[in-house]
Structures are given as structure tokens and as C-alpha cells.
Amino acid sequence: MKGRPLKILLVEDNGDHAEMISRSLKSHPLANIIHQVSDGQAALDYLLREGAYEDPKKSPRPDVILLDLRLPKLDGLQVLARIKGTEGLLRIPVVVLTSSDSDLDIAKAYDFHVNSYLVKPIDFNKFNDLMKDLGFYWLSWNVHPLAQASLG
Amino acid sequence: MILLVEDNLDHAEIVMRTFKAHQVDHPVLHMTDGETALDYLRRRGEYADPEKSPRPDLILLGLRLPRVDGLEVLKKIKQSKALCGIPVVILTSSQAGDDLKMACEYHANSYVVKPLEFREFTALMRSVASYWLNCNVNPRGPR
């Protein structure tokens, strides 16, 4: 697949998981740039370019958002609802990546138009495999509006 | 079950053969126009019996469809409480910016462009099946 490196916003408060996800995705051939925040409010500040992220150069639009649900300050479902309800953000694919297998969380995420819902495996090797599948699909195959626009 | 809405019969054949060759164990229901796809999903006319028209686990949706085009089908699916939880992957030859933009606005789960080269097309379909049927979690419960 061709194109510029894709930018991923990772919203994850678990440091170990964040490390694992980042390592796995950085090994993808499209050499993506990953920015991580560890609570829901920071995610919205980043996306809406508020607070510490006012400068657009410090908060470039991501091409994909990986979003945990159990987050400090503002939970992931609220972040998702806000993203999908905001004109400048709603086209960005959001992949929920969570430990929650609850029917209610899954149903709500789809009601808020999540693009994809993934449950983190407990097993390390399966987690790694899932990250590879995630990276391969969203970075190699899915077409991203911002990335396509930048190709002119 | 995978609902494939594709009017190009050659492409539909490639999709179905690829799934069969790679043991994708979900049956594929193939429709060739948008209106029939909507009738099926809304359980209208000949599709009224829910037992004969089970909800798909994944919808692969072309854009240039007869009768009702793919973007309109997508919009109706994602506006429906009963249907909005079904992942819809736009599978199209179109790289037009407007199509991509509108598909995202209507909440397509994903947008992929059919490669021209056969091997790449089959690789895409394997990846689509693997990701959406094995990795992604759909809503559970009656719909």
C-alpha cells in the first residue's frame, strides 16, 4: 500500500498495554506516527485543539483513533459520542480497544457509530496477533479521508 | 452470514470463491441491487419471515448499484436502530473523494477499494473476512 505515514491517536491509560500497542503498530511498514493520551478529557482536548493542544502543529489530526473505554476523567463512550457528533471529527475511524466484553458497552458503542470494537485478549501472544491484524487492516486496506485528501 | 451487495457478477464471484477457498465458514447471501438489499434487511415482501431472512454479521456493500445506490442503502442501515450495529464495509472501485467523504458521514464502518490485480483482490477479501468475522465484536442479542 502506498501513501504517507498514518497518524494514530492512542487513548489508553494502561501503560503496559500502551507500550505493547505502540511497539506492535510502529513495526508496520507504513511507519505510522503514534500520539498517546491517557484519559478521556485529554483525548478530547487533543482532537478539539483545546488546552495544551491549541497549537494545530502539536495536535495533527489522526487518521485512526484507538480508544479504550475505562478511562479516567471522561470515559471512552463519552469520548466516542463526542467524536462521532462533531463535524470535523466524525469521519475519523474509531476502533474501540477494551477489556470490556459487556453487551451494554458493545451495544452503546455501536449506537454511537464506533467503526470497530475489539476486546483485548488476556494472552500476550493473542494480544500481539490482534494488534498485527488491527494494524494490517486499518493501515493497509482501509481508505482514510484525510490521507486520501493529502495525496491531492 | 455475510450479505454481499454487488452488481458486478465477476467481482462477486471472486469474493465468494475467495471465502470458500479460505474456509470462511459464514454463508454468503449475494444481492445485485440496493432495493432488494433493503427489502431483505427490513424484512419486507418476500423477506418478511425473520427465520428466512436472518440478520447478517457483516455487509459488504458496493456503491454503484441499480435501483437504490450504495450510499442510500448505507444511510438507511445506519439510521435504523435494528440495523446500525451490523458492520458495513464499503467495497468499491471508487476512489472519488466525495464517495469516501459521504460514506464516512453516513457511518460506514470501513471503506476499501477493490484492487485491479486479482491476487491483491483476493488478499483484500481474506483480510476483510479475517478482521470483521474473527477480530471485530458485533453487538449481541435479538435484532
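Computed from the coordinates by the stated procedures, all read-outs in this text should not be read as laboratory data. Predicted, not measured: the structure shown is a model, and the values here were computed from it. Don't worry about glycine lacking a Cβ; one is built from the backbone with ideal geometry, like all the others, and counts go over all protein chains shown.
Per-residue ellipticity at 222 nm from helix content only, as computed over the protein assembly as shown with -39500 (n - 2.57) for each DSSP H run of at least four residues, stands at -11000 deg cm²/dmol.
At the listed q of 0.26 Å⁻¹, the Debye profile of region A:63-152, built from one uniform point per Cα, gives log10 I(q)/I(0) equal to -1.35.
Its convex hull of Cα atoms gives region A:6-143 a direction-averaged projected area, equal to a quarter of the hull surface, of 7.8 nm². Rounded to two decimals, the Cα radius of gyration of chain B over 2.2 N^0.38 Å is 0.98. Going from the fewest other Cβ atoms within 10 Å to the most, the residues B:HIS30, B:HIS11 appear in the order B:HIS30, B:HIS11.
Taking 0.36 nm per residue of sequence separation and removing the Cα-Cα distance, the B:ARG64/B:ARG44 pair yields an extension gain of 4.9 nm. Pairs over the 23 Å Cα-Cα cut-off, from the set A:LYS58/A:LYS120; A:LYS58/B:LYS78; A:LYS73/A:LYS126; A:LYS7/A:LYS84; A:LYS73/B:LYS76; B:LYS20/B:LYS76: A:LYS58/A:LYS120; A:LYS58/B:LYS78; A:LYS73/A:LYS126; A:LYS73/B:LYS76; B:LYS20/B:LYS76. Ordering B:CYS135, B:HIS22, B:LEU124 by Cα displacement along the dipole of region B:7-143 toward the positive end leaves B:CYS135 in first place; charges were set at the Cβ atoms of Lys, Arg (+1) and Asp, Glu (-1).
In percent, rounded to a whole number, the relative contact order of chain B is 24, using alpha-carbon pairs under 8 Å and six or more apart.
In the distance distribution for the protein assembly as shown, Cα-Cα pairs more than 27 Å apart total 38 percent.
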